[in-house]
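Chemist: Sending over a structure as structure tokens; questions will come in a sec.
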Amino acid sequence: MRNKLQQSKWIPALLLSLVFTACGNQEKSNKDIIADNVENAVAQYTLMTDIIEQSGKILNPRTVLEDGSVSYVPIDDWCSGFFPGSMWYLHELTGDKKWEDLAIKYTEDLDSVKHLKWHHDVGFMIGSSYLNGLRISNKQEYKDVIVTAAQSLSTRFRPTVKAIQSWDIRGWQAERGWECPVIIDNMMNLELMFEAAKFSGDSNLYNIAVDHANTTLANHFRADNSCYHVIDYSLTDGSARNKHTAQGYAHESSWARGQAWAIYGYTMCYRYTGDKRYLDHAENVYKFIFNHERLPEDLIPYWDYDAPEIPNEPRDASAAAVTACALYEMSTYIPNSPYKETADKIVESLSSPAYRAEVGTNGNFILMHSVGSIPHGHEIDVPINYADYYFLEALIKKQRLEKGEPIL
Ligand code: GLY
């Protein structure tokens, strides 16, 4: 029998050891989830890139079509940066030079995108490819491409509106009666502007990004902090002519990926500006998403929070992956917040067999169950390259946070 003194020493020691064991297990299980996902992603992307390399062509996979074939996109497609971007992230996660070599090859194929001026997505395209090459492998020569691309994007800035016009009035957009459509997704393209402003010293790029963020803050959000997809502005006086959707269920509904672009976009704007209003707003979007009665238990949203047939509606894994990235970053700005825990739960759900494909299936993409655009009848409940890209980004941010390293 232990005496009282021994017991009194033993009990705290036991408690301490339980705490250490619990932390150790937590660390182990976190390590396992990252390592397990990296192993899976490497296996899938090895199969995917082997097929592409063996074709002798430069192909850029975006999704899987109804007939099961992989759809490859031209370099002016808004999704063309995500495939090279995923290879940069695999290089970062593994340190394997093979992924760096592939990332360089598929990034540099996008060189002429820096001159693209007919839509706003140059930020996604050059950001996920060249900007990651600069960050991850210190490719200083990529700065020129990044600055030129940002200057191309700046040609879409409309001073009367104080925002970047997202889409030209052409194709299906021409049927909507819009004058200057600005979509919430456009917030993501501001990262390119902020980065390019740093390298070039061109404060115009910074000012455009800030103006765009402020205009969007003023017009895109409802009282409950959900956002519209498209605000159509008057080019004459800058007023909002229409508050519409393009990819959501209805004008007044909340399209899931739009909410994800919003929370990521304002978190990123806080990173570059230190303007607390942006971080506060990201927190408001968090409250909308995570208090929503139709957000499922596993935190992977339906494609629209107001889709009429919930719970029999497709989920959007891409929205969840984008949101997880934002939450990891928010957790670094706001200690003792629930953000990391929520992001971990999302990553856990996406890592489960419900969303993560078996190796050799799913066109060799990592995640299943994303939605491109239901109103256009495109990409319904399919793998999409940006879901994989942001999932890998979330893994990097989680790993860095848990190692106590800066996440960017
Ligand atoms: N930026 C287009 C989309 O989110 O589908």
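The values are calculated or read from the model by the stated rules, or taken from the named source; none is laboratory data. Remember, it's a predicted structure, so these values are computed and weren't measured experimentally. Every residue, glycine as well, gets a Cβ built from its backbone with ideal geometry; the counts of neighbours run over all protein chains shown. Side chains are part of the model used for accessible areas, which takes the heavy atoms of the whole protein and leaves out ligands, DNA and RNA. Shrake-Rupley method; radii C 1.70, N 1.55, O 1.52, S 1.80 Å.
Chemist: Distance check, please: which entries in Lys345/Lys398; Lys117/Lys139; Lys97/Lys139 exceed 18 angstrom between their Cα atoms?
Modeler: The answer is Lys117/Lys139.
Chemist: Out of residues 5 or more away from Tyr233 or on other chains, whose amide H comes under 5 Å of its own, with H placed 1.01 Å from N in the peptide plane?
Modeler: Glu179, Cys180, Val182, Arg241
Chemist: Using Cα springs under 10 Å in a Gaussian network model of the chain, which residue among Ala321, Ala394, Ala246 shows the largest mean-square fluctuation?
Modeler: Ala246
Chemist: Roughly to the nearest percent, how much of the accessible area of region 255-315 is carbon and sulfur, given a 1.4 Å probe?
Modeler: Percent of accessible area from carbon and sulfur atoms in region 255-315: 42.
Chemist: Anyone know which of Asp32, Asp202, Asp211 comes out most mobile in the 10 Å Cα GNM of the chain?
Modeler: Judging by the Gaussian network model, the answer is Asp32.
Chemist: Okay, next question. Suppose all protein chains stay in the model; what accessible area per residue would a 1.4 Å probe give for region 96-227, in Å²?
Modeler: On the way: 4770 Å² over 132 residues.
That works out to 36 Å² for each residue.
Chemist: Another question about this same structure. Tell me, what is the per residue accessible area of region 315-384 in Å², probe radius 1.4 Å?
Modeler: Using a 1.4 Å probe on heavy atoms only, each residue of region 315-384 averages 35 Å².
Chemist: Just to confirm the number: angle between the C-alpha axis of helix 385-402 and the first principal axis of the chain, 0 to 90 degrees, nearest 10?
Modeler: Relative to the chain, helix 385-402 is tipped by roughly 40 degrees.
Chemist: May I ask for the angle, rounded to the nearest 10°, between helix 339-351 and the longest principal axis of the chain, with both axes built from Cα atoms and the value confined to 0 to 90°?
Modeler: 90 degrees
Chemist: Right, another one. As I understand it, the value is the acute angle between the Cα axis of helix 203-219 and the longest principal axis of the Cα atoms of the chain; what does it come to in degrees, rounded to 10?
Modeler: Here the helix axis deviates by roughly 80 degrees.
Chemist: Given only helices, namely DSSP H runs of n ≥ 4 each adding -39500 (n - 2.57), what is the per-residue ellipticity at 222 nm of the chain, to the nearest 500 deg cm²/dmol?
Modeler: Result for the chain: -17000 deg cm²/dmol, rounded to the nearest 500.
Chemist: Also, quick follow-up: Please give me, ordered by residue number, the GluC sites (Glu not before Pro) of region 300-408 that lie in loop per DSSP and have at most 11 other Cβ atoms within 10 Å.
Modeler: Qualifying residues, ordered by number: Glu309, Glu358.
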